[in-house]
Amino acid sequence: MDRQQEFVLRTIEERDVRFVRLWFTDVVGSLKSVALAPAEVEGAFEEGLGFDGSSIEGLARVFESDMLAQPDPSTFQILPWRGETEQTSRMFCDVLTPDGQPSAADPRNVLKRALAKAADMGFTCYTHPEIEFYLLKSTELGPDGAPVPVDEGGYFDHVPGGVAQDFRRTAVTMLESVGISVEFSHHEAGPGQNEIDLRYADALQTADNIMTFRTVIKEVALMQGTYATFMPKPFTAHPGSGMHTHFSLFEGDTNAFYEAGAEFQLSKTAKQFIAGILRHAPEFTAVTNQFVNSYKRLWGGGEAPSYLSWGHNNRSALVRVPLYKPGKGQSARIEYRGIDSAANPYLAYAVLLGAGLKGIEEGYDLPSAAEEDIWSLTSAERRAMGHDPLPSSLHDAIRIMEDSDLMAEILGEQVFEHFLRNKRQEWQDYRLEVTPFELQRHFGIL
């Protein structure tokens, strides 16, 4: 038994932990959980915990349903919202096949494979997400059929005695108590909209942190009598919720994206990484923007990027190179602005990293930076400048992803097929639904 496993078992005993929750996700990133008695944890470390994978979306077909959940002791944390008595803890799990091999259908394993490929190329990948969400009075809709936000605040607003302010303070305290470092938090542009930015971490730890973050945010909201949603675009008239993520690659202790004296201080590696993301973005958009509602955010304005472009500190671009600060070469990074808060972080980071690495491998050329506001250009101007659009609907994104050899390679055949099957079903259900828009627009006159 290794040292981390011994630490977990000792902590469970010393803190009188009564329940140990094992966490993993299905193919779309829904959190799954099973509670172990403390006495069973040592056996789970050694042999894994058996469960029926065919009952979990995308994990296994019926004829190969037996799976094992293997807890990762490095992710052990006490869950503070469960109280001080009869404490509950959690560990993330890797999903294994009965013979102990990593499951090809486990989203966490998909990201691990992408990171292993980066490591083979000499890189470690660090990420820093800016996570937006709406805080609502409840799940009930208002008289106008829209959700009801907790306030009417705007970007960076300080609302004295505001619900969101108290909420953010409690949420940040709770996040830090489970080992998640927060860089800053503030009110976002929409009423009731908030943003909390997590500190840099390696991509796997970040993905685990995002899954924990969503749980903490929802738990704190419930404790305060409100409701938090990560839906990409809950309001027609207000901005959607993105999860802008900063990426950097390191070679040992050196930032591989930094080159002193180069344009924007960007190295050749960084430019090829950006070129890979831009070239393959239409192929992975179904993963980074996986719901019908995601495309209402992408095409609904409010600073959401809709076109293939990159720029230095240009917030209308899909990939932004943040302002360079002299003497801060180690912080050189790029920001992908397309991803939304409802993405499965394991799959989303795997495809973004995989696309960037493809650009490095193949030596892609980076097109010119966009200096203009891309939203203000005409369609003809955008076409002339090479700013092609992202998919305009989940249906378009599915069709482009289906033809992508690179996505099949990054995700693995099983996740690729299961994910597409899930998304095709969502589109089919949506396509058949008669919406309030259609009834309001046409029912009384046709």
Point to revise | Distance (nanometres) between label positions extended 7 Å along Cα→Cβ at Thr85 and Thr173 | key: 2.1 nm
**Study point:** Choice from Gly242, Gly29, Gly356 with maximal GNM fluctuation in the chain (Cα, 10 Å cutoff)
**Key:** Gly29
**Study point:** Total charge dipole magnitude, the stretch 113-439, about the Cα centre, Cβ charges on Lys, Arg, Asp, Glu only, Debye to nearest 20
**Key:** 120 debye
Point to revise | Fluctuation leader among Arg337, Arg108, Arg424 - the chain, Gaussian network, Cα springs under 10 angstrom | key: Arg424
Check your understanding: Of His186, Ile398, Phe123, whose Cα points farthest to the positive end of the dipole of the chain (charges on the beta-carbon: +1 Lys, Arg; -1 Asp, Glu; origin at the Cα centre)?
Key -> His186
Exercise for review: Please turn the phi angles of the stretch 250-261 into ³J(HN,Hα) values with the Karplus equation 6.51 cos²θ - 1.76 cosθ + 1.60 (θ = phi - 60°), one per residue in order, whole Hz, x for glycine and proline.
Suggested key: 10, 10, x, 9, 9, 6, 6, 8, 9, 9, 4, x
Review point. At what distance in nm do the modelled label points of Glu140 and Gln330 sit from each other, each positioned 7 Å from its Cα along Cα→Cβ?
Key: 5.3 nm
Point to revise | Label-point separation in nm, Phe443 to Asp253, each point 7 Å along Cα→Cβ | key: 6.7 nm
Practice item. Would you please classify the overall shape of the stretch 164-246 from the alpha carbon gyration tensor, given that a ≥ b ≥ c denote the square roots of the eigenvalues, rounded means a/c under 1.5, and beyond that prolate means a/b larger than b/c while oblate covers the rest? Key: oblate
Review point. If packing is taken as the mean number of other Cβ atoms within 10 Å per residue, what is the order of 196-203, 382-389, highest first?
Key: 196-203, 382-389
Review point. Which residue, chosen from Gln5, Ser309, Asn209, occupies the Cα position most advanced towards the positive end of the dipole of the chain, where the dipole is computed from +1 (Lys, Arg) and -1 (Asp, Glu) charges on Cβ about the Cα centre?
Key: Ser309
Check your understanding: Cβ under 14 Å from His244's Cβ, His244 left aside: what net charge do those residues give with Lys, Arg +1 and Asp, Glu -1?
Key -> -4
**Study point:** Given Lys233/Lys296; Lys218/Lys423; Lys32/Lys296; Lys325/Lys358; Lys32/Lys218, the pairs whose alpha carbons are separated by over 18 Å
**Key:** Lys218/Lys423; Lys32/Lys296; Lys325/Lys358
**Study point:** Centre separation in Å (Cα based) which lies between the stretch 370-446 and the stretch 203-233
**Key:** 26 Å
Revision key, fill the gap. Amide H contacts under 5 Å for Met67, restricted to residues at least 5 apart in sequence or on another chain and with H modeled in the peptide plane, are Phe51, Gly53
Point to revise | Whether the stretch 312-446 is rounded, prolate or oblate, judged on the alpha carbon gyration tensor where a/c under 1.5 counts as rounded | key: oblate
Exercise for review: Can you tell me the FRET efficiency between Asp16 and Glu413 if r is taken as the Cβ-Cβ distance and R0 is 51 Å, rounded to the nearest 0.05?
Suggested key: 0.65
Point to revise | Furthest towards positive pole of dipole, His442, Ala342, Ala275, structure part the chain, Cβ charges | key: His442
Study note, to complete from the structure: Per the 1/(1 + (r/R0)^6) rule, R0 = 22 Å and r from the Cβ atoms of Glu361 and Asp405, FRET efficiency to 0.05 is 0.95
Exercise for review: Please list the non-local residues whose amide H lies under 5 Å from the amide H of Phe257, H modeled 1.01 Å from N, same-chain partners needing a gap of 5 or more.
Suggested key: Leu249
**Study point:** Under 11 Å, Cβ to Cβ, from Asn255 - net charge with Lys/Arg +1 and Asp/Glu -1
**Key:** -1
Review point. Does a label point 7 Å from the Cα of Lys268, set along Cα-to-beta-carbon, have any residues of the stretch 347-364 with amide nitrogen under 14 Å, and which are they?
Key: 360-364
Exercise for review: Please give the peptides 289-299, 179-189 ranked by average Cβ packing (other Cβ atoms within 10 Å per residue), highest first, as a rough proxy for protection.
Suggested key: 289-299, 179-189
Review point. Using the Cβ atoms and a cut-off under 13 Å, what net charge is assigned to the surroundings of His395, where Lys and Arg are +1 and Asp and Glu are -1?
Key: 0
Exercise for review: Using only the alpha carbons of the stretch 3-101, determine the length spanned along each of the three principal axes and report them from longest to shortest in whole angstroms.
Suggested key: 42, 26, 19
Practice item. Show me 434-443, 229-238, 93-102, 346-355 ranked by packing, highest mean number of other Cβ atoms within 10 Å first. Key: 346-355, 229-238, 93-102, 434-443
Point to revise | Charged-residue dipole, Cβ positions (Lys, Arg, Asp, Glu), the stretch 129-219 about Cα centre, Debye nearest 20 | key: 240 debye
Exercise for review: Pull up all non-local amide H partners of Thr25: gap of 5 or more, or a different chain, and H-to-H distance under 5 Å with H placed in the peptide plane.
Suggested key: Lys32, Arg108
Review point. Hey, in the GNM for the chain with a 10 angstrom Cα cutoff, which one of Gln77, Gln272, Gln425 fluctuates hardest?
Key: Gln425
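Every read-out reported here was derived from the displayed coordinates using simple, explicitly stated rules and does not represent laboratory data. This is a predicted model, so every value here is computed, not measured. Heads up, the Cβs are rebuilt from the backbone with ideal geometry, glycines too, and the neighbour counts pull from every protein chain shown.
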